[in-house]
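Take a look at the structure below.
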Amino acid sequence: MNYKSIFNLCLAIFLVFVPIGCDDWTELEIHDSQINGFKEQNPEQYAAYTQKLRAYKASKHALVYARLDNAPEVSSSEKDFLRSLPDSIDIVTMRNANRLSDYDREDMKLVRADYGTRVLYYIDASAKEELNNSISAATDAVRKGIFDGITLGSSSSVDASTIKNMTDALGQTDCLLVFEGTPSMLPESSRSLFDYFVLDISSAADEYDVEVVVRLATDHGKTAADRLLLAVVPGATLTDYNGVTRNSITGAASSALTMGPLGGIAIFNISADYYDADIIYKQTRGGIQFLNPAPVH
């Protein structure tokens with residue numbers, strides 16, 4: 001499959017619909033004209049593109065996961081919306097899943113149905129006083145088909161009873177479960193319940209630092225490398241074993257390929273990569289291409 005054509009079409013769509021000199025994209029009318037206008041004007045091309053995109057995401061490849069701080073109290077620009085993320089991102093976890101806006105709900109329908117993006121409900125397991133309510137809300141939303149799964153994030157150990165409450169509430173629902181944290185934070189008996197583990201390497205300066213985090217997860221955490229996603233934030237850098245320094249997203253992609261290979265990468269605070277003079281999410285798009293390069297023809 002020609003993944004380069006997917007990327008180029010993304011760029012072409014973006015250039016067609018970006019209004020020159022527009023500083024505020026928060027109006028619903030602009031959103032509708034951008035999305036529906038292309039479907040209406042080029043339905044065959046759009047259908048072919050989205051079909052290839054869904055086939056790509058269904059194929060075996062290194063994943064790209066993003067955490068989106070959706071539904072902020074005050075939206076500053078289009079960067080706050082799911083619809084603006086690169087189409088080829090595989091998984092997006094909605095950090096404020098408990099307060100979806102009408103725009104979020106509309107965008108979720110689009111990216112899930114057309115792009116094959118899986119959208120997850122984020123639970124902060126460190127907020128103990130709200131944890132039971134959060135689990136109840138998240139599992140209910142997944143059972144109803146509003147979300148494709150749950151991300152459980154924690155900076156400290158999570159006990160087995162919390163995991164059991166969540167899985168019992170989900171029942172036989174087919175969904176994706178992701179843990180943001182090293183596997184050793186979970187009881188060993190619970191680790192197999194999660195599809196992926198997101199390892200925060202945002203403070204790493206080089207690949208030696210990354211290796212320590214990965215080895216902790218694979219050796220001490222007894223978790224297969226292909227279930228690990230390396231998480232970074234835009235704006236930093238990573239230096240590899242050969243002394244080559246790249247931006248943090250492409251650097252994580254490079255490490256994911258050489259260390260295992262791993263399951264892929266994760267991007268926290270992805271909206272920080274939003275603006276570029278040439279194209280939005282430039283570093284994110286570059287990292288995706290590095291991780292899953294287009295075949296040579």
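Just so it is clear, none of the values below were taken in a lab; they were calculated from the coordinates. Worth saying up front: this structure is predicted, and the values here are computed from it rather than measured. Heads up, the Cβs are rebuilt from the backbone with ideal geometry, glycines too, and the neighbour counts pull from every protein chain shown.
Some notes on this structure:
- Exposure proxy for TYR208, TYR103: other Cβ atoms within 10 Å of each Cβ, ordered fewest to most, give TYR208, TYR103.
- By other beta-carbon atoms within 10 Å, ranking ASP273, ASP140 with the fewest at the front produces ASP140, ASP273.
- On the basis of the beta-carbon distance and an R0 of 35 Å, ALA294 and SER75 show a calculated FRET efficiency of 0.55.
- Fewest-first ranking of GLU78, GLU44, GLU180, using other Cβ atoms within 10 Å as the exposure measure: GLU44, GLU78, GLU180
- Taking all Cα pairs closer than 8 Å and separated by 6 or more residues, the relative contact order of segment 61-291 comes to 18 percent.
- Magnitude of the charge dipole for the chain, about its Cα centre and with charges confined to Cβ atoms of Lys, Arg (+1) and Asp, Glu (-1), is about 920 debye.
- Cα gyration tensor category, rounded, prolate or oblate, for segment 240-297 with a/c compared to 1.5: prolate
- Against the compact-protein benchmark of 2.2 N^0.38 Å, the Cα-based radius of gyration of the chain scales to 0.99.
- Hz values of 3J(HN,Hα) by residue in segment 77-87 - Karplus curve (6.51, -1.76, 1.60), Gly and Pro given as x: 5, 5, 5, 7, 10, 4, 4, 8, 5, x, 4
- Inter-part distance where segment 254-297 and segment 142-220 are each reduced to a Cα centre, Å: 22
- Rough spin-label spacing in nm, given labels placed 7 Å along Cα→Cβ, for ASP209 and ASP240: 1.8
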